[in-house]
Amino acid sequence: MTDIKNMSKPKITTLDTLSLHNMLNEDSELIPLMTPEDEELINKEEVPAVLPILPLRNTVLFPGVVIPITAGRDKSIELITDANKGDKIIGVVAQRNEEVEVPGSDDIYQTGVVAQILRVLKMPDGNTTVIIQGKKRFEIESIIQEQPYLKANVKEALEDNEVGDLKELNAVIDSVRDQALEVIKENPMLPSEASFAIKNIQSNSFLVNFISSNMDLSVMQKQVLLEKDNLKERALLVLKNLNKELQKLQLKNDIQSKTRSDLDQQQREYYLNQQLKTIQEELGGVSNDEELEEIRLKSKTKKWTKEVGEVFDKELARLRRMNPQMAEYGVQRNYLELMLELPWGEYSEDKFNLKRAVKILDRDHFGLEKVKERIIEHLAVLKLKGDMKSPIICLYGPPGVGKTSLGKSVAESLGRKYVRMSLGGLRDEAEIRGHRKTYIGAMPGRLIQNLKKAGTSNPVFVLDEIDKLGQSHQGDPSSAMLEVLDPEQNTEFYDNYLEVGFDLSKVLFIATANNLGQIPWALRDRMEIINVTGYTIEEKIEIAKRHLLPKQLKEHGLTKEHLKLGKAQIEKVVEGYTRESGVRGLEKQIAKVVRYAAKSIALEEEYNVAVTTEDIETILGPARLERDKYENNGVAGVVTGLAWTSVGGDILFIESILSKGKGGLTITGNLGKVMKESATIAMEYIKANADDFGIDPEILEKYNVHIHVPEGATPKDGPSAGITMLTSLVSVFTQKKVKNKLAMTGEITLRGKVLPVGGIKEKILAAKRANIKEIILCADNEKDILEIKESYLKGLKFHYVIDMHEVIDIALTNTKAKNAKKLI
């Protein structure tokens with residue numbers, strides 16, 4: 001057997017034979033096909049025991065095939081230089097990952113091909129091009145050298161020569177040849193010489209290797225072909241890949257033939273439009289090119305990012321190619337005009353005069369100390385740092401306390417534009433994210449529309465009534481708001497119509513809500529919650545004098561010379577005609593007084609400019625809301641409780657009465673499940689501790705108890721009335737009345753413990769409105785009282801309790817109630 005290094009002149013076999021021939025020496029023999037005799041000579045050659053290993057990034061060498069490779073790595077160039085000076089024999093293997101710059105033993109496949117260097121060429125760009133020819137397959141046994149390049153102990157990868165049915169093998173080879181010719185026929189990119197080469201290849205194994213080398217496969221797929229020892233298996237795998245390639249080409253050609261006529265029609269319309277444009281210019285009309293050029297020039301002034309600029313240029317180029325008579329032309333133009341009108345990178349300058357900001361906030365809003373403090377903190381950080389991600393503030397509280405109007409004052413104090421978007425009842429997700437611009441009548445979302453109107457990218461954006469977002473088959477708008485209100489995501493807010501990210505991180509979002517329970521927790525987690533509670537009577541009087549009365553006088557065409565309302569008269573309106581946490585109802589009543597004065601002036605009737613208390617009753621009618629305030633607890637079983645509602649705090653009365661029976665318990669008053677359970681717990685606790693409360697057990701067995709909570713039209717639920725119900729029951733069983741002007745709130749357990757409840761501030765304000773003087777609370781609620789301003793607590797006495805015995809000792813007097821009856 002002859003050694004590889006003693007071979008005859010190199011023979012070249014590849015599709016691009018002419019190009020390779022020009023690179024070789026003149027004594028190189030150009031043979032376009034490898035004959036079985038040539039293959040037999042190669043098979044007799046021995047594989048050296050040690051080979052330098054050349055890793056290939058993106059191709060696989062097959063036996064008998066000649067390919068050019070470009071060597072750029074220092075190790076590869078040194079290996080080729082050394083081999084070219086010697087026997088010109090190297091081992092070629094493919095890399096597993098072409099990104100690896102310095103491949104080691106784990107980065108290359110174990111099966112490769114012995115190759116002979118035919119020619120080494122220095123290219124003008126500094127790289128080295130090497131033409132090599134594959135000989136025989138080998139397997140790496142071990143790597144024995146890594147520097148300056150890889151060397152390995154190798155052994156020949158023996159061929160599996162079991163053919164089986166020779167007719168079947170010949171049929172497979174013929175099928176491979178036919179499929180390859182069909183692929184060449186269907187693919188216009190392949191040269192015609194390829195068909196000639198395929199037809200004239202006589203060796204079966206070389207035909208398979210030749211096609212495998214030139215197929216459009218990945219390195220991994222080609223490596224699988226190389227590692228097949230059996231010729232028939234390799235040929236069947238090649239045939240499978242050829243079938244896939246042929247199907248793709250046929251499908252691609254079918255699509256091209258179907259669309260060719262459409263393209264021809266478009267070209268025809270384009271030429272006609274160009275002629276029409278020329279005619280219009282001759283007649284004195286305006287060319288579309290001028291308008292498009294104006295759009296292009298305007299885009300150069302925008303401060304958008306490189307990515308946005310590329311999108312705009314691409315869409316503008318698309319508009320240029322469109323027929324102006326097409327419906328899509330108007331849609332595309334509207335899209336480009338929107339991009340031009342949006343305030344990309346345009347920011348209003350913040351005013352860092354903190355004293356001025358405090359003055360504006362105090363001028364427009366009385367109270368709301370926490371909110372004002374938070375805004376001033378934000379301004380202070382902006383002044384010191386110069387830039388920060390704007391926080392997402394959520395003001396929650398009852399209606400009419402000034403949550404929405406606060407946003408306008410914040411915008412003025414910051415020197416920013418003011419934008420308000422009402423979310424009440426919004427059920428379509430597209431209102432937030434916009435529609436795809438491919439739809440008829442597509443529009444951007446309301447966020448993008450409002451920013452376009454604002455003209456800056458950092459306005460104060462009020463999201464009004466965020467708790468009123470709804471859900472429908474058109475999506476979940478509250479989920480769409482997550483990206484808007486997440487400081488980590490809104491730097492690239494994606495609007496479906498705009499289709500590029502818009503930076504919302506500099507926008508100061510202020511959300512308002514009446515009920516936090518209706519806001520999804522994921523959305524609530526992204527906002528800074530600030531509780532805007534109701535106002536005290538004193539605050540309402542100040543708000544009426546400073547804001548409501550001047551506003552109503554102006555709206556009705558009057559001045560302060562036409563009507564004067566004193567503090568006593570405003571207090572009369574607050575206490576007798578409004579029962580609310582905010583001031584919206586109060587404003588309506590003041591408006592009614594102002595209208596009375598306006599009517600008197602218009603009819604030239606006499607009226608008191610300085611309105612008296614009697615005038616208030618004449619104008620507004622008898623006071624309607626003072627009944628609950630002055631209702632005393634002179635009857636056993638009547639207790640005043642405190643409750644939280646969605647519109648603020650309120651008081652409620654719990655009444656109990658006894659009737660002869662068998663110890664039954666009846667509850668009325670439109671109560672929820674939790675409140676009914678509190679009544680049951682209270683009743684059972686009394687039965688278990690009757691002796692402690694001085695109650696005769698016979699009374700519990702011979703009398704039925706009825707508990708009623710008035711205002712049955714209003715649903716009521718929650719654990720806060722637990723101690724109130726228990727006090728009412730003890731009062732009715734002992735016939736002792738409850739202290740006058742006393743209210744209470746707290747949850748109870750079967751052990752008689754009093755548990756803390758929420759909504760303390762709202763309940764305290766409700767107690768003050770109802771002229772309550774003493775309040776019983778759980779000891780754990782004392783920390784809530786400490787957070788309330790002292791002015792709110794003026795005139796109130798608090799009793800902090802741990803168990804029910806303390807509640808009864810404080811609440812019940814030692815005197816019998818009026819009309820108390822003897823039960824036993």
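The values are calculated or read from the model by the stated rules, or taken from the named source; none is laboratory data. Everything quoted here is computed from the prediction, not taken from an experiment. Positions of Cβ are generated from backbone atoms using ideal geometry, with glycine treated the same way; all protein chains shown enter the neighbour counts.
Mind checking whether some residue in the stretch 516-525 is surrounded by 20 or more Cβ atoms within 10 Å (Cβ to Cβ) and acidic (Asp, Glu)?
So far as the stretch 516-525 goes, no, none of its residues is surrounded by 20 or more Cβ atoms within 10 Å (Cβ to Cβ) and acidic (Asp, Glu).
Enumerate the helices (runs of 4 or more DSSP H) found wholly within the stretch 516-594, keeping only those where 1 or more residues are in the same structural domain as Asp467 (by TED's automatic domain parsing) and farther than 24 Å from Lys372 by Cα.
521-524
Filter the stretch 417-459 for residues that are within 19 Å of Met481 (Cα to Cα) and hydroxyl-bearing (Ser, Thr, Tyr); which is surrounded by the most Cβ atoms within 10 Å (Cβ to Cβ)?
Ser457
Which of the following residues is assigned by TED's automatic domain parsing to the domain that holds Val674, touching a residue at least 12 places away in the same chain (Cβ under 8 Å) and touching a helix residue (DSSP H, G or I) at 6+ places or on another chain (Cβ under 6 Å): Ala770, Ala766, Ala779?
Selected residue: Ala770, the only one of Ala770, Ala766, Ala779 that is assigned by TED's automatic domain parsing to the domain that holds Val674, touching a residue at least 12 places away in the same chain (Cβ under 8 Å) and touching a helix residue (DSSP H, G or I) at 6+ places or on another chain (Cβ under 6 Å).
Hey, among Leu231, Leu217, Leu226, which residue is within 21 Å of Phe138 (Cβ to Cβ), within 51 Å of the chain's Cα centre (by Cα) and among the hydrophobic types (A, V, I, L, M, F, W, C)?
Leu226
Under 6 Å between Cβ atoms, which residue pairs at least 6 apart in sequence (or on different chains) link something in the stretch 487-507 that is without any contact (Cβ under 8 Å) to a residue 40 or more places away in the chain and closer than 23 Å to Arg524 by Cα with a partner that is of a type outside the set (Val, Ile, Thr) and part of a loop (DSSP other than H, G, I, E, B)?
Asn490/Leu504; Asn490/Ser505; Thr491/Asp503; Thr491/Ser505
If I go through the stretch 595-618 residue by residue, how many of them are part of a helix (DSSP H, G or I), of a type in the set (S, T, N, Q) and in contact (Cβ under 8 Å) with a residue 40 or more places away in the chain?
Residues flagged as part of a helix (DSSP H, G or I), of a type in the set (S, T, N, Q) and in contact (Cβ under 8 Å) with a residue 40 or more places away in the chain within the stretch 595-618 amount to 1.
Could you list all residues from the stretch 76-100 that are part of a helix (DSSP H, G or I), crowded, with 17+ Cβ neighbours inside 10 Å and within 58 Å of the chain's Cα centre (by Cα)?
Listed by number, the residues that qualify are Ser76, Leu79, Ile80.
May I ask you to list the residues in the stretch 178-197 that are more than 26 Å from Ile255 (Cα to Cα) and either buried (at least 16 other Cβ atoms within 10 Å of the Cβ) or among the acidic types (Asp, Glu) (or both)?
Passing the criteria: Glu193, Ala197.
Give the residue that is surrounded by the most Cβ atoms within 10 Å (Cβ to Cβ), with candidates limited to residues of the stretch 122-148 that are at pLDDT 85 or above and touching a Ser or Thr at 6+ places or on another chain (Cβ under 7 Å).
Only one residue tops the list, namely Arg137.
For the stretch 643-740, please list each of the strands (runs of 3 or more DSSP E) lying entirely inside it that holds at least 1 residues being touching an Asp or Glu at 6+ places or on another chain (Cβ under 9 Å).
By residue number, 648-660, 703-708.
Each row is one residue, and each column tells you yes or no for (1) out of contact with any Cys (no Cβ under 7 Å at 6 or more places or on another chain); (2) farther than 21 Å from Glu492 by Cβ; (3) modelled with pLDDT of 75 or more; (4) not small (Gly, Ala, Ser).
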site: Glu291; (1), (2), (3), (4): yes, yes, yes, yes
site: Ile295; (1), (2), (3), (4): yes, yes, yes, yes
site: Gly309; (1), (2), (3), (4): yes, no, yes, no
site: Tyr335; (1), (2), (3), (4): yes, no, yes, yes
site: Met339; (1), (2), (3), (4): yes, no, yes, yes
site: Glu346; (1), (2), (3), (4): yes, no, yes, yes
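How many residues, within the stretch 298-333, are more than 32 Å from the chain's Cα centre (by Cα) and outside any helix (DSSP H, G or I)?
5
Within the stretch 349-357, is there a residue that is more than 31 Å from the chain's Cα centre (by Cα), surrounded by 13 or more Cβ atoms within 10 Å (Cβ to Cβ) and closer than 13 Å to Ser409 by Cα?
yes
Conditions first: (1) touching a residue at least 12 places away in the same chain (Cβ under 8 Å); (2) closer than 28 Å to Gln471 by Cβ; (3) surrounded by fewer than 16 Cβ atoms within 10 Å (Cβ to Cβ); (4) not acidic (Asp, Glu). Lys545 passes all but one, so which condition is the exception?
(2)
Looking at Ile654, Ile707, Ile699, Ile686, can you tell me which residue is surrounded by 16 or more Cβ atoms within 10 Å (Cβ to Cβ), within 49 Å of the chain's Cα centre (by Cα) and at negative phi?
Exactly one residue qualifies, and that residue is Ile654.
Conditions tested, residue by residue: (1) under 40 Å from the mean Cα position of the chain (by Cα); (2) not β-branched (Val, Ile, Thr).
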| residue | (1), (2) |
| --- | --- |
| Ile537 | no, no |
| Pro550 | no, yes |
| His556 | no, yes |
| His562 | no, yes |
| Val583 | yes, no |
| Glu587 | yes, yes |
| Ile601 | no, no |
| Val609 | no, no |
| Leu620 | no, yes |
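I'd like to verify a number: residues in the stretch 734-751 that are farther than 27 Å from Gly634 by Cβ and of a type outside the set (D, E, K, R), how many?
2
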